[in-house]
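The values are calculated or read from the model by the stated rules, or taken from the named source; none is laboratory data. Predicted model, so just to flag it, every value in this text is computed and none were measured. Here the Cβ positions follow ideal geometry from the backbone for every residue, glycine too, while neighbour counts run over all protein chains shown. Ligands, DNA and RNA are stripped out before the accessible areas are found, and what is left, the full protein with its side chains, is counted by its heavy atoms. Shrake-Rupley method; radii C 1.70, N 1.55, O 1.52, S 1.80 Å.
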Amino acid sequence: MVEALGIASSIAGLLNLTITVMDISFRYISNVHGASKGISAYLQELADLKTLLIKLNELAQSPDTVDIFRDHSPTLLSIVSIDRCQAEIERLRLKLEMQTKGKLLLSTFNRLFWPFAEEETRRLVETIHRYRSYFQTALSADGL
């Protein structure tokens, strides 16, 4: 039961962080000149992760799920995996926010350009996709 509550809390925290990063990213994209396909893929992966986290959050908050987890701990979905994803998304949030801090002129200039190189954007897409796939697999394997 304690693990189920921890997982529910971790999922809710990750969902909130993902929504924050999506908001920051969308604000960036609206000002970026020459947005690439990689940026579109990045935004799509974030949106897909958010959708999956909303579903996980609903399941984790459901009294039926709590009853199931009381008797059987989830096999793949763990606080550790959620925390690792949260750490990745938090690093992303910090980098995005760094671009808007500082001197007014510099931060205005920074907001005109996507803060990640194309290769780094591709890596972000792959990382977010990997976590999203992991959570989807965990949902299936745990019979949720």
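Looking at (1) modelled with pLDDT of 75 or more; (2) within 18 Å of Val80 (Cα to Cα); (3) open to solvent by less than 80 Å² (accessible area, probe 1.4 Å), which one does Leu124 not meet, given that it meets all the others?
So Leu124 meets the others, but not (2).
For the subset of the range 111-121 comprising residues that are in a loop (DSSP other than H, G, I, E, B) and not basic (Lys, Arg), which member is modelled with the lowest pLDDT? Let's see the steps before the verdict.
Filtering the range 111-121 down to residues in a loop (DSSP other than H, G, I, E, B) leaves 111-117.
Right, trim to not basic (Lys, Arg) and you get 112-117.
Values: Leu112: 52, Phe113: 60, Trp114: 64, Pro115: 66, Phe116: 73, Ala117: 75.
Only one residue tops the list, namely Leu112.
When you check Arg132 against the structure, is it open to solvent by 60 Å² or more (accessible area, probe 1.4 Å), of a type in the set (Lys, Arg), closer than 18 Å to Ile39 by Cβ and modelled with pLDDT of 85 or more, yes or no? Steps first, answer last, please.
Details: open to solvent by 60 Å² or more (accessible area, probe 1.4 Å): no; of a type in the set (Lys, Arg): yes; closer than 18 Å to Ile39 by Cβ: yes; modelled with pLDDT of 85 or more: yes.
Against the criterion (open to solvent by 60 Å² or more (accessible area, probe 1.4 Å), of a type in the set (Lys, Arg), closer than 18 Å to Ile39 by Cβ and modelled with pLDDT of 85 or more), Arg132 does not qualify.
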